[in-house]
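The values are calculated or read from the model by the stated rules, or taken from the named source; none is laboratory data. This structure is a prediction, so every number in the text was calculated from the model and none was measured. Cβ atoms come from the backbone with ideal geometry, glycine included; neighbour counts cover every protein chain shown. Surface areas here come from the heavy atoms of the whole protein model, side chains and all, with no ligands, DNA or RNA. Shrake-Rupley method; radii C 1.70, N 1.55, O 1.52, S 1.80 Å.
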Amino acid sequence: MEISLNRLPLLKLGNIKNLLVDKKTKCKLLSLGFIPETAIKPVFSNFSGNLRAYEVRKAIIALRDTDANKIRVDVSI
Amino acid sequence: MSANENSNAEKKCKKLSSQVVISIAGNPNVGKSTIFNSLTGLNQHTGNWTGKTVESFEGRYTYKNTCFKVIDLPGTYSLISDSEEEEIARDFLFFNKDTFCLVVMDATCLERNLNLALKIKEINPNILVCVNILDEAERKSIKINLNKLSELLKAPVIGTTYKNKKSIEKLKEEIYKTTILNKNEKKFSLTESIYPQVIENAISRLVPLIDKITSGKLCSRQLALSLIDLDESMIVSIKNLLGVNILENEDINQTLNDIKKNLRKSNINSSDLKDIIEKSIVKKSEKIYKSCVTLKKENYNEKDRKIDKILTSKLTGIPIMVLLLFLIFWITLIGANYPSSVLADVLFFVQDKLTLACNTLHLPPWLHGSLVLGLYRTLAWVVSVMLPPMAIFFPLFTLLEDLGYLPRVAFNLDHFLRKAGTNGKQALTMCMGFGCNACAVTGCRIINSKREKLIAILTNNFIPCNGRFPTLISIITMFFISSVPIGCTSLISTALLTVTIIFGIFMSLISSKLLSATLLKGIPTSFSLELPPYRRPQVGRLIVRSIFDRTLFVLLRAVVVAAPAGLLIWCLSNTIVGGNSLLKYSTSFLDPFAKLFGLDGIILMAFILGFPANEIVMPIVVMSYLCTGSLTELSSIQELQALLLNNGWTTTTALCTMLFSLMHFPCGTTILTIKNETKSNKWTLISFILPTVLGLICCFIVSSISKILV
């Protein structure tokens with residue numbers, strides 16, 4: 001099942017499928033490790049819930065929900 | 001090694017005929033600047049958060065009669081430049097492919113770091129890989145086979161622990177071996193197929209055409225990839241360097257069109273290209289990582305996650321932030337008292353002796369007055385009152401920086417920054433503002449969006465720098481805690497100072513919102529921030545180094561800026577024209593305007609004359625009152641309080657002075673830096689006007705309310 005990354009529950013593992021972002025943002029996300037077919041897991045969020053930290057390729061990267069909702073992940077793993 | 005040793009190295013280098021150039025590259029926050037400092041003896045700002053180094057720095061060292069020029073590049077995640085500092089790194093690596101490159105990697109995060117190492121190796125076979133922070137890796141039971149890594153990367157690999165001097169010596173030896181002894185050994189690029197065959201074929205078609213235009217000066221393989229991917233910034237950089245728009249070449253254009261057709265036939269769209277390129281590099285990194293790294297504990301980051309849960313949680317995240325700020329201020333306040341009084345005793349004792357010497361030598365009164373009562377006394381005031389708080393606050397803040405806490409601050413504050421229409425990374429530049437607003441303005445380069453960068457630059461001055469803390473602390477101590485029980489004075493002072501700083505942060509957010517809604521309207525851009533692993537700071541070394549550096553910095557500023565300001569005040573107060581001193585004329589002129597805002601002419605003049613450096617504002621106020629009054633001695637905070645009260649200060653004056661100290665025009669260095677960064681007179685003027693106007697408005701409100709209530 002494919003959902004947007006911001007909807008992936010905390011501590012649940014997903015698999016990145018697609019980055020539906022503009023070219024510049026895509027470059028940045030790819031360089032940070034948000035590459036299709038990579039495992040990703042949200043590990044904690046800020047108090048308002050609109051910024052979450054994700055574990056991807058053993059690094060922790062914080063992303064706003066406005067960016068995370070453009071990343072599609074598969075939760076079947 | 002010290003800065004002196006680096007300048008000695010520079011002198012030695014001039015005598016040596018040749019010089020080897022080494023760049024230090026790697027992901028952000030892997031220890032590049034620390035290694036640079038260890039090699040060269042310079043003192044680049046280091047800390048555990050991404051984005052500290054925003055420009056390249058040079059240094060030199062000599063080893064076995066060879067001169068090495070080292071260039072510390074800003075960290076970059078990839079060679080696709082996304083921000084200004086990444087472009088600096090990318091351009092240097094790309095346009096200097098024949099120099100040696102020391103690629104630094106974090107041993108606790110090797111898999112991700114290998115991406116960049118592989119990309120750099122594609123451009124430049126002359127690399128030496130340094131796997132840094134091995135001690136942290138050991139603590140987390142991460143075992144790395146460096147020999148295997150060297151074999152797979154086809155490059156020498158050395159492990160370092162930045163705390164260990166021996167590992168730096170080993171690094172120097174390895175650099176020497178690679179660059180001098182084994183210079184003529186064949187270096188291997190990773191040109192075996194990394195990418196799918198259709199892309200490798202495309203690259204091999206473009207490479208000879210590119211070589212014809214660039215005469216082999218640039219890495220044609222990487223350039224071919226950039227052309228296939230239509231990397232505009234790279235094409236612009238080449239045009240700037242070679243004066244050639246490579247896309248205008250007919251052969252290249254035709255070949256590119258062919259390549260695009262072939263890629264479409266293989267179901268590869270232009271939007272998928274980057275994914276494919278990155279995936280190929282990642283696959284190779286994963287393969288190398290699995291062959292070289294053994295994890296004894298899969299969940300080695302569990303402790304960091306537990307700490308993050310506390311530091312970023314809804315309930316405890318922000319309260320812990322405020323508490324840490326409070327604690328740092330409290331230690332600063334308590335710690336500064338004793339050294340301040342000792343310094344004051346010593347320096348004013350010396351002043352008395354200087355006066356005695358002047359009298360004994362029958363020096364003219366104007367010479368004694370200008371040099372001792374003007375120049376020396378101001379210098380003594382800055383050193384005794386301003387230096388101890390600055391020398392204590394800075395190392396404490398640096399400790400938090402080195403721990404890795406600052407990105408968590410940015411994480412917590414992002415919600416408010418988002419509401420203000422700005423970028424979460426502004427929290428990092430705000431933190432830098434506590435040290436120095438000018439450095440923070442340069443630090444704004446980590447923000448990619450021009451609009452958001454400008455907002456961060458224009459509002460940074462609301463965060464009081466090191467130079468303003470002593471003013472705030474001394475005013476709070478004199479005017480706001482007199483009726484507090486003795487045991488609680490330090491706690492109440494600290495609480496008031498913390499509230500003042502939080503107010504400054506609040507005003508920074510308000511002015512950011514104001515700018516986002518008016519002059520700098522726009523849509524917030526994407527925000528991503530790496531939260532690095534927590535690291536144990538080298539407490540002893542950090543404290544000693546910071547105190548030493550900060551002391552030198554304050555002493556230098558005291559001599560260069562404060563002493564001349566004191567001399568100027570003395571001259572103004574002793575140059576009599578028409579029955580009044582020039583000081584009296586200047587302050588009387590400013591007085592009516594200043595009184596509207598709860599200040600007086602002397603305070604306002606002190607802020608104006610304090611333009612070169614914020615820490616001289618209070619000394620100028622004191623000097624001006626001393627020159628116009630009967631007090632000639634000033635060696636304690638109680639005497640200072642008496643001086644101010646005698647000159648009409650009330651609680652309102654104190655509050656308004658604090659508010660104006662928090663919100664007034666940036667200092668000279670910051671203004672110059674803003675001009676440099678924005679390259680615009682308009683924005684520089686706005687950066688001057690914005691905090692000043694808001695400061696005056698706040699002072700006016702407070703002063704008016706006070707007049708109504710009294």
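Does region B:655-682 hold any residues that are within 21 Å of the chain's Cα centre (by Cα) and part of a helix (DSSP H, G or I), and which are they?
Correct list: B:662, B:668, B:669, B:670, B:671, B:672, B:673, B:674, B:675, B:676, B:677, B:678.
Can you find a residue in region B:77-93 that is farther than 23 Å from residue B:530 by Cβ and either β-branched (Val, Ile, Thr) or part of a strand (DSSP E or B) (or both)?
no
Do the conditions hold for residue B:438, that is, is it within 29 Å of residue B:685 (Cα to Cα) and either free of Cβ contacts under 8 Å to residues at least 60 places away in the same chain or not assigned by TED's automatic domain parsing to the domain that holds residue B:648 (or both)? Full working, then the answer.
Numbers: within 29 Å of residue B:685 (Cα to Cα): yes; either free of Cβ contacts under 8 Å to residues at least 60 places away in the same chain or not assigned by TED's automatic domain parsing to the domain that holds residue B:648 (or both): no.
Taking the combined requirement at face value, the residue does not satisfy it.
How many of the residues making up region B:230-252 are open to solvent by less than 60 Å² (accessible area, probe 1.4 Å), within 23 Å of residue B:271 (Cβ to Cβ) and part of a loop (DSSP other than H, G, I, E, B)?
Within region B:230-252, residues that are open to solvent by less than 60 Å² (accessible area, probe 1.4 Å), within 23 Å of residue B:271 (Cβ to Cβ) and part of a loop (DSSP other than H, G, I, E, B) number 1.
Any idea which residue in region B:265-290 is farthest from the other protein chains (Cβ to nearest Cβ), counting only those that are open to solvent by 80 Å² or more (accessible area, probe 1.4 Å) and either basic (Lys, Arg) or under 35 Å from the mean Cα position of the chain (by Cα) (or both)?
Filtering first and then ranking leaves B:265.
What are the residue pairs meeting all of these: first residue in region B:385-397, first residue within 13 Å of residue B:325 (Cα to Cα), second residue of a type in the set (A, V, I, L, M) and open to solvent by 20 Å² or more (accessible area, probe 1.4 Å), Cβ atoms under 7 Å, and 6 or more apart or on different chains?
So the pair list comes out as B:396/B:331.
Helices (runs of 4 or more DSSP H) wholly in region B:597-649 with at least 3 residues that are open to solvent by 20 Å² or more (accessible area, probe 1.4 Å) and at pLDDT 85 or above - which ones? Before the answer, list the steps.
Numbers: elements: B:601-609, B:617-628, B:637-646.
Filter on region B:597-649 gives B:637-646.
Do the conditions hold for residue B:363, that is, is it free of Cβ contacts under 8 Å to residues at least 60 places away in the same chain and out of contact with any Pro (no Cβ under 7 Å at 6 or more places or on another chain)? Before the answer, list the steps.
Working: free of Cβ contacts under 8 Å to residues at least 60 places away in the same chain: yes; out of contact with any Pro (no Cβ under 7 Å at 6 or more places or on another chain): yes.
Spelling it out, residue B:363 is indeed free of Cβ contacts under 8 Å to residues at least 60 places away in the same chain and out of contact with any Pro (no Cβ under 7 Å at 6 or more places or on another chain).
Each row is one residue, and each column tells you yes or no for (1) among the polar types (S, T, N, Q); (2) touching a residue at least 12 places away in the same chain (Cβ under 8 Å).
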site	(1), (2)
B:573	yes, yes
B:578	no, no
B:594	no, no
B:603	no, yes
B:615	no, yes
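What's the total number of residues in region B:203-229 that are assigned to a helix (DSSP H, G or I) and small (Gly, Ala, Ser)? Spell out how you get there, then give the answer.
Filtering region B:203-229 down to residues assigned to a helix (DSSP H, G or I) leaves B:203-214, B:220-228.
With the extra rule that they be small (Gly, Ala, Ser), the set shrinks to B:204, B:220, B:224, B:226.
The number of residues fulfilling the criteria is 4.
To keep it simple, each residue is scored yes or no on (1) open to solvent by 40 Å² or more (accessible area, probe 1.4 Å); (2) in a loop (DSSP other than H, G, I, E, B); (3) of a type in the set (A, V, I, L, M, F, W, C); (4) at pLDDT 80 or above.
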{"residue": "B:541", "(1), (2), (3), (4)": "yes, no, no, no"}
{"residue": "B:553", "(1), (2), (3), (4)": "yes, no, yes, no"}
{"residue": "B:559", "(1), (2), (3), (4)": "yes, no, yes, no"}
{"residue": "B:566", "(1), (2), (3), (4)": "no, no, no, yes"}
{"residue": "B:573", "(1), (2), (3), (4)": "no, no, no, yes"}
{"residue": "B:590", "(1), (2), (3), (4)": "no, no, yes, yes"}
{"residue": "B:595", "(1), (2), (3), (4)": "yes, no, no, yes"}
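Being assigned to a loop (DSSP other than H, G, I, E, B), open to solvent by 40 Å² or more (accessible area, probe 1.4 Å) and either within 23 Å of residue B:39 (Cβ to Cβ) or at pLDDT 90 or above (or both) is the filter here, so list the residues in region B:125-155 that pass it.
B:145, the sole residue that qualifies.
Return yes or no: is residue B:257 polar (S, T, N, Q), closer than 30 Å to residue B:196 by Cβ, out of contact with any His (no Cβ under 7 Å at 6 or more places or on another chain) and not in a helix (DSSP H, G or I)? Outline the logic, then answer.
Values: polar (S, T, N, Q): yes; closer than 30 Å to residue B:196 by Cβ: yes; out of contact with any His (no Cβ under 7 Å at 6 or more places or on another chain): yes; not in a helix (DSSP H, G or I): no.
Judged against the criteria, residue B:257 is not a match.
Suppose we filter B:516, B:528, B:508 for residues that are in the same structural domain as residue B:659 (by TED's automatic domain parsing), under 30 Å from residue B:618 (Cα atoms) and among the hydroxyl-bearing types (Ser, Thr, Tyr); which single one remains?
On the way: B:516 fails: under 30 Å from residue B:618 (Cα atoms); B:528 fails: under 30 Å from residue B:618 (Cα atoms).
Exactly one residue qualifies, and that residue is B:508.
Between a first residue in region A:50-71 that is more than 7 Å from chain B (Cβ to nearest Cβ) and touching a residue at least 24 places away in the same chain (Cβ under 8 Å) and a second residue that is open to solvent by 10 Å² or more (accessible area, probe 1.4 Å) and assigned to a loop (DSSP other than H, G, I, E, B), which pairs have beta carbons less than 6 Å apart while being 6 or more apart in sequence or on different chains?
Correct list of pairs: A:65/A:50; A:70/A:20; A:70/A:21.
Can you pull out every residue in region A:25-45 that is basic (Lys, Arg) and more than 7 Å from chain B (Cβ to nearest Cβ)?
Residues of region A:25-45 basic (Lys, Arg): A:26, A:28, A:41.
Across region A:25-45, the qualifying residue is only A:41.
Please enumerate the residues belonging to region B:291-305 that are in contact with a helix residue (DSSP H, G or I) (Cβ under 9 Å, 6 or more places away or on another chain), outside any strand (DSSP E or B) and either open to solvent by 80 Å² or more (accessible area, probe 1.4 Å) or modelled with pLDDT of 90 or more (or both).
Just the residues of region B:291-305 that are in contact with a helix residue (DSSP H, G or I) (Cβ under 9 Å, 6 or more places away or on another chain), to begin with: B:291-293, B:299-301.
Of the ones still in play, those that are also outside any strand (DSSP E or B) are B:291-292, B:299-301.
Passing the criteria: B:291, B:292, B:299.
Is it fair to say residue B:511 is away from every other protein chain (no Cβ under 14 Å), under 23 Å from residue B:430 (Cα atoms), of a type outside the set (A, V, I, L, M) and touching a Ser or Thr at 6+ places or on another chain (Cβ under 8 Å)?
Working: away from every other protein chain (no Cβ under 14 Å): yes; under 23 Å from residue B:430 (Cα atoms): yes; of a type outside the set (A, V, I, L, M): yes; touching a Ser or Thr at 6+ places or on another chain (Cβ under 8 Å): yes.
Taking the combined requirement at face value, the residue satisfies it.
Residues of region B:695-710 being of a type in the set (A, V, I, L, M) and touching a residue at least 60 places away in the same chain (Cβ under 8 Å), which ones?
Our first condition is that a residue be of a type in the set (A, V, I, L, M); within region B:695-710, this holds for B:696-697, B:701-702, B:705, B:708-710.
Once the filter is applied, which keeps residues that are of a type in the set (A, V, I, L, M) and touching a residue at least 60 places away in the same chain (Cβ under 8 Å), region B:695-710 yields B:696, B:702.
Where in chain A are the strands (runs of 3 or more DSSP E), entirely inside, with at least 1 residues that are crowded, with 17+ Cβ neighbours inside 10 Å? Walk me through it before giving the result.
Values: elements: A:2-4, A:14-19, A:39-45, A:51-56, A:59-64, A:71-74.
Those strands (runs of 3 or more DSSP E) span A:14-19, A:39-45, A:51-56, A:59-64, A:71-74.
Is there any pair linking a residue in region A:1-22 that is within 9 Å of residue A:73 (Cα to Cα) to one that is of a type in the set (S, T, N, Q) and in a strand (DSSP E or B), with Cβ under 6 Å and at least six apart or on different chains, and which?
Correct list of pairs: empty, since none qualify.
Across region B:520-534, what is the total count of residues that are open to solvent by less than 40 Å² (accessible area, probe 1.4 Å) and within 14 Å of chain A (Cβ to nearest Cβ)? Quick ask: steps written out before the conclusion?
Here is the first cut: in region B:520-534, the ones open to solvent by less than 40 Å² (accessible area, probe 1.4 Å) are B:520, B:527-534.
If we keep only those that are within 14 Å of chain A (Cβ to nearest Cβ) too, we end up with B:527-534.
Residues in region B:520-534 being open to solvent by less than 40 Å² (accessible area, probe 1.4 Å) and within 14 Å of chain A (Cβ to nearest Cβ): 8 in total.
Whether any residue in region A:41-57 is within 25 Å of residue B:312 (Cα to Cα), in contact with a helix residue (DSSP H, G or I) (Cβ under 6 Å, 6 or more places away or on another chain) and among the basic types (Lys, Arg) is what I want to check.
yes
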